Amino acid sequence: MKGNQAIALLNKYETAKQENAPLCFKETEIQCMVDKLNAEENFPYAEEILDMAEKMYPDSLYVQRERCLVKLQLDKVEEALAISKRYAYTEDGALNSYYIESLYYLGENEQMENYLDWLTQKRVSYLEDIYSSFLEMLYVEEDDEEMLYYKDLVFELFPRSPQFVELYADLFAQMNDYPLSIAYWKKLLSMKPHEISYWLEIANCYYLDGHHEEAIRAADQSLHLNAGKDKSIECEALQIKAYAYMSMGERKKALKLLDEMMRFCLQFEPFRYRLIRFFLAEGLYKRAYTLMAYCYHQLPIQEMDERFYRLYIHCCLWLDKYDEALNLTEEALFIFPKNRHLKRIQEQLNQNKLSHHCFNDQNYVFSYDKDYDLLLDLDKGDTYLRLGEEEKKRGNYQEALNFFKKALKQNSFNPKTLVSLVCCMTHIEGEEEKKELLTLIQQGMLSTSSNKRFKMPEGCWKSPTHVLNKRIKNDQLIDEFLHKTNYRN
């Protein structure tokens with residue numbers, strides 16, 4: 001109902017403008033229009049309405065707050081500062097927050113700190129809200145140094161306020177300081193012992209820190225407290241357990257959980273893409289295809305956006321299902337006729353140039369999930385390796401090398417990457433680049449020899465320089481290397 005009212009009011013506003021008639025709106029009507037425009041992120045139009053309202057209600061705190069907020073959204077920071085400055089040292093918490101925010105974005109750090117000190121010493125009634133807004137802004141801006149500067153003060157001022165503890169728990173996880181993040185999540189548990197989401201965060205931090213058994217125990221605790229009530233919690237907890245089991249080498253347990261979790265893919269879109277990405281990263285292409293085919297037949301058409309089609313096509317190509325991939329591409333282009341990615345896929349399929357290993361550039365391979373906030377960052381090394389192999393087959397050795405170097409950076413434990421680097425190196429003319437590659441290969445071999453998954457016999461390939469001297473064939477080189485290691489393709 002409010003949406004219809006806002007549309008009617010905006011039409012009234014436009015008509016009055018065109019007819020050059022006097023503008024007259026109640027403050028509640030202005031709020032109705034601005035709320036709709038802000039929800040649609042149409043900030044320029046909201047600014048126009050609010051500038052008009054300011055002439056009608058110059059003393060309205062609501063109008064001034066909204067004007068300040070919209071100016072900040074439009075990066076008109078100096079205008080926001082001019083508005084909020086008039087209300088500094090008053091009892092309006094929102095305008096004081098906007099004043100601090102404006103000073104921060106303009107680099108007026110000393111003035112900002114002095115003002116925060118004044119508010120703190122005066123212990124204004126809205127002090128907790130001020131610090132909450134300020135720290136959340138720093139978190140969004142990824143200003144870790146400034147957040148850490150205020151940490152001790154905040155906990156001294158608000159020792160039992162969970163919002164600050166949670167903010168710093170997130171910050172330390174973002175900084176990859178997982179033990180400290182876990183300590184903060186546990187502190188939150190002392191305040192709210194039955195908060196399921198805290199156990200889930202602890203499980204995720206344990207997993208990311210390599211403590212897989214602890215991650216499983218924490219995930220089990222969240223499942224126990226949840227008892228099937230919140231499906232999204234159950235979904236995330238089972239996912240962490242599956243990833244932890246996979247990292248521990250308990251592949252059967254992991255796959256059993258992953259297969260069970262497919263039921264969530266119709267309910268939770270982000271999880272659907274995470275699971276597909278995990279299957280692809282682990283080389284489980286049949287499972288990835290089965291899941292996408294299941295979603296394709298079960299989901300309503302409006303949930304199958306161009307990203308969905310591109311991922312489904314990707315799964316088909318990994319399994320050499322070219323005809324199915326082409327049919328899906330044509331169907332997708334009927335719905336999304338202007339999509340350049342789909343057009344490129346169709347062109348390559350029609351020309352029979354598209355390999356099932358890749359789509360010719362790494363940006364496409366990962367584009368299907370780039371817009372999702374993934375819980376875990378999975379290894380891309382396998383995909384870079386395959387992309388490099390494709391370029392090597394075409395004789396594009398420099399491009400292949402670039403992919404192999406990326407693969408080695410992602411996963412230095414894969415002997416196949418080392419083999420591929422050596423194979424390409426025989427085609428590189430520059431001596432400096434050869435030396436650089438030899439260093440990379442040596443480092444990779446040292447990493448490989450220390451990895452439990454790949455045991456390198458003593459004396460195996462002490463130096464790869466003999467490859468350059470002997471110029472042995474690539475296939476022979478690969479056979480020699482794989483024979484001397486326990487690596488299996």
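All of the numbers you see were taken from the coordinates with simple rules; none came from a lab. Computed from a predicted model, the values in this text were never measured in an experiment. Every residue, glycine as well, gets a Cβ built from its backbone with ideal geometry; the counts of neighbours run over all protein chains shown.
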Summed side-chain charge close to Trp185 - residues other than Trp185 whose Cβ falls under 13 Å, Lys, Arg +1, Asp, Glu -1: -4
Ordering of 250-257, 333-340 by packing [mean C-beta count within 10 Å, highest first]: 250-257, 333-340
Mean separation of Cα contacts under 8 Å, 6 or more apart, over the residue count of segment 173-310: relative contact order %: 14
Cβ charges +1 (Lys, Arg) and -1 (Asp, Glu), total dipole of segment 208-299, debye: 380
Mean-position separation - Cα centroids, segment 242-292 and segment 12-49, in angstrom: 49
Segment 96-174 versus segment 188-217: alpha-carbon centroid distance in Å: 26
Peptide ranges 266-278, 170-182 listed from the most packed, as the mean C-beta count within 10 angstrom indicates: 266-278, 170-182
Largest-first principal axis extents of the Cα set of segment 151-197 (Å): 27, 26, 13
Cross-link pairs beyond the 23 Å C-alpha cut-off, checked among Lys253/Lys286; Lys187/Lys229; Lys122/Lys187; Lys187/Lys256: Lys187/Lys229; Lys122/Lys187; Lys187/Lys256
